[in-house]
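Asker: Okay, here's the structure, questions in a sec.
The values are calculated or read from the model by the stated rules, or taken from the named source; none is laboratory data. What you see is a predicted model, and the numbers here were worked out from it, not measured in a lab. Reconstructed Cβ throughout: ideal geometry from the backbone, glycine too, with neighbour counts over all protein chains shown.
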Amino acid sequence: MLGRMAYGLGLTALQSLSGQTLPGVNFAARAKRVIFLFQAGGPSHLDLLDYKPQIKDRFDQDIPPSVFGTQRITGMVAQQDRFPVVPSMYGFRQHGQSGQWLSDQLPFTGKIADDICVLRGMYTEAINHDPAITYFQTGSQLPGRPSMGSWLHYGLGSLNENLPAFVVLNSVPSNGQPDQGLLSRLWGAGFLPSRYQGVQFRSAGDPVLHLSNPPGISRESRRTQLDALAALNKDLHARVGDPEIETRIAQYEMAFRMQTSVPELADAKSEPESVYKLYGDEARKPGTFAANCLQARRLAERNVRFIQLYHRGWDHHGGLTEKLPALAKDTDQASAALVQDLKQRGMLDDTLVIWGGEFGRTPYAQGPVKPDSYGRDHHGRVFSLWMAGGGVKKGHSHGASDDYGFNVAEGGVHIHDLHATMLHLLGIDHQKLTFLFQGRQFRLTDVAGNVVREILA
């Protein structure tokens, strides 16, 4: 153990690999796994989750200086002479016994209003996509830190020896406009041992790259090759002690087991017609958000610890009113179906589902000022997301923005606070899950973060 610690693996990782609980780090968990439905590009909170009737009669009026304050602006609007208010053109209505206000663009989410907790006071310092997405995924705006799923795998270990503990699914938007690119470092292990990085599943060909044996190689001969390779790697590790060699051995073994487990997982043809009716016809098309939500449930059934779905196309600087409905349709039914599916299978209580993007959009228009055709710039001062299951309150709203949807008015939740709360629900003290790197103890929440106890059930 001391030898491994000298190479930086640390007590936490050693004990997680053996399935032990870490005193002071782990405690009774409400959730076993997380499904994060990440909407890359910044979905407009004002057009989806944050009802602001107060600005209905303020169309084309400038945001007051007292509200705008010292807000940083992006290069996309730096040349604008003014920042005129544009209310949402979409209707909002209350849903369920909880009376959650949701946009008419989210009719299926309305059906699960009493199962979700909407956070309307989210905020971040980042105002551009790459640092903002990196912040959400790793707790830092700068690249190089471990991702959320990697921290969970490191701290809690795996619940399934035949599948990765951290799986990534990328979705293709129906309008064919993915906008921002997604880099593999977003699900990387950073400075943690590489065995903790996410594994991307694909929608075409082998679900995982190079999963199938080459022509002429049988499973038996592959087993013989791996045994010989493992012996060589073990001999090398005994001489040099590099923990990455152990990672290599473990990953070869995992890949061998995945040759059986992944094809069975990826084949959803056995799902009954009622499931496809729930998720919608798009769930039959590989690579769609709906198909990936169904795969997420199948992964959760097999106890994959962290399941990350990405859906892109939400960067609506212009033409929001033409583009947002397509994106909402992509995600609304499938997201709600996932929550309903988990609930009817008795899995929602120990599965934490999160829906949201890296920031929101401005209440002022970018480009031409029209009541029924507008764009919105990036906005991190306040935005919204929702959570369900895994120990959060049902049918609950937390936090609020001001009358303009511009600043946090109450119940502010920072990115670090969200991470701290997620780890808490999984039974981890976010301040004690650390990794020594370059002389400093790092953690997902950096040097900040508080558990948002008001949303805990």
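Asker: Go through (1) modelled with pLDDT under 90; (2) surrounded by 15 or more Cβ atoms within 10 Å (Cβ to Cβ) one by one and return the number of the condition Asp242 breaks.
Answerer: (2)
Asker: For the range 263-290, which residues satisfy the criterion of being part of a helix (DSSP H, G or I) and touching a strand residue (DSSP E or B) at 6+ places or on another chain (Cβ under 8 Å)?
Answerer: Ala266, Phe289 - these are the residues of the range 263-290 that are part of a helix (DSSP H, G or I) and touching a strand residue (DSSP E or B) at 6+ places or on another chain (Cβ under 8 Å).
Asker: Could you grab me the full set of residues in the range 136-147 that are crowded, with 24+ Cβ neighbours inside 10 Å and not polar (S, T, N, Q)?
Answerer: Those that are crowded, with 24+ Cβ neighbours inside 10 Å and not polar (S, T, N, Q): Phe136, Gly139, Arg145, Pro146.
Here is a yes/no grid of residues against (1) crowded, with 23+ Cβ neighbours inside 10 Å; (2) without any contact (Cβ under 8 Å) to a residue 60 or more places away in the chain; (3) over 21 Å from Gln197 (Cα atoms):
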{"position": "Val304", "(1), (2), (3)": "yes, no, no"}
{"position": "Ile307", "(1), (2), (3)": "yes, no, no"}
{"position": "His317", "(1), (2), (3)": "no, no, yes"}
{"position": "Leu320", "(1), (2), (3)": "yes, no, yes"}
{"position": "Lys323", "(1), (2), (3)": "no, no, yes"}
{"position": "Ala326", "(1), (2), (3)": "no, no, yes"}
{"position": "Ser335", "(1), (2), (3)": "yes, no, yes"}
{"position": "Val339", "(1), (2), (3)": "yes, no, yes"}
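Asker: Output the residue which, of all residues in the range 182-197 that are surrounded by fewer than 22 Cβ atoms within 10 Å (Cβ to Cβ) and among the polar types (S, T, N, Q), is modelled with the lowest pLDDT.
Answerer: This residue is Ser194.
Asker: I'm checking my understanding of the structure. Among residues of the range 341-370 that are of a type outside the set (Lys, Arg) and assigned to a loop (DSSP other than H, G, I, E, B), which one is surrounded by the fewest Cβ atoms within 10 Å (Cβ to Cβ)?
Answerer: Among those that are of a type outside the set (Lys, Arg) and assigned to a loop (DSSP other than H, G, I, E, B), it is Gly346.
Asker: Within the range 32-59, restricting attention to residues that are charged (D, E, K, R) and surrounded by 14 or more Cβ atoms within 10 Å (Cβ to Cβ), which residue is nearest to the chain's Cα centre (by Cα)?
Answerer: In this case the residue turns out to be Arg33.
Asker: Next question, about the same structure. Among what's in the range 269-302 and is free of Cβ contacts under 8 Å to residues at least 24 places away in the same chain and among the small types (Gly, Ala, Ser), pick the residue that is farthest from Arg345 (Cα to Cα).
Answerer: Ser270
Asker: Identify all residues within the range 387-434 that are hydroxyl-bearing (Ser, Thr, Tyr), closer than 26 Å to Gly155 by Cβ and touching a residue at least 60 places away in the same chain (Cβ under 8 Å); write none if there are none.
Answerer: Within the range 387-434, Thr434 is the sole residue that qualifies.
Asker: Further question on the same structure: Looking only at residues in the range 174-203 that are part of a helix (DSSP H, G or I) and polar (S, T, N, Q), which one is nearest to the chain's Cα centre (by Cα)?
Answerer: Ser184
Asker: Okay, next question. Inspect the range 222-233 for any residue being within 37 Å of the chain's Cα centre (by Cα) and outside any helix (DSSP H, G or I) and give the result as yes or no.
Answerer: For the range 222-233, residues within 37 Å of the chain's Cα centre (by Cα) and outside any helix (DSSP H, G or I): absent.
Asker: Looking at Ser397, Ser401, Ser373, which one is within 30 Å of Gln344 (Cα to Cα) and either among the polar types (S, T, N, Q) or crowded, with 21+ Cβ neighbours inside 10 Å (or both)?
Answerer: Ser397
Asker: Another one. Taking the range 161-172 as the search range and keeping residues that are in a loop (DSSP other than H, G, I, E, B) and at pLDDT 90 or above, which one is surrounded by the fewest Cβ atoms within 10 Å (Cβ to Cβ)?
Answerer: Per the criteria, the residue is Asn162.
Asker: Does any residue of the range 147-158 turn out to be without any contact (Cβ under 8 Å) to a residue 60 or more places away in the chain and hydrophobic (A, V, I, L, M, F, W, C)?
Answerer: no
Asker: Looking at the structure I just gave you, is Arg381 charged (D, E, K, R), more than 15 Å from the chain's Cα centre (by Cα), farther than 16 Å from Gln105 by Cα and buried (at least 20 other Cβ atoms within 10 Å of the Cβ)?
Answerer: Against the criterion (charged (D, E, K, R), more than 15 Å from the chain's Cα centre (by Cα), farther than 16 Å from Gln105 by Cα and buried (at least 20 other Cβ atoms within 10 Å of the Cβ)), Arg381 qualifies.
Asker: Taking the range 206-257 as the region of interest, how many residues are closer than 19 Å to Pro193 by Cα and of a type in the set (Ser, Thr, Tyr)?
Answerer: Adding up the residues that qualify gives 2.
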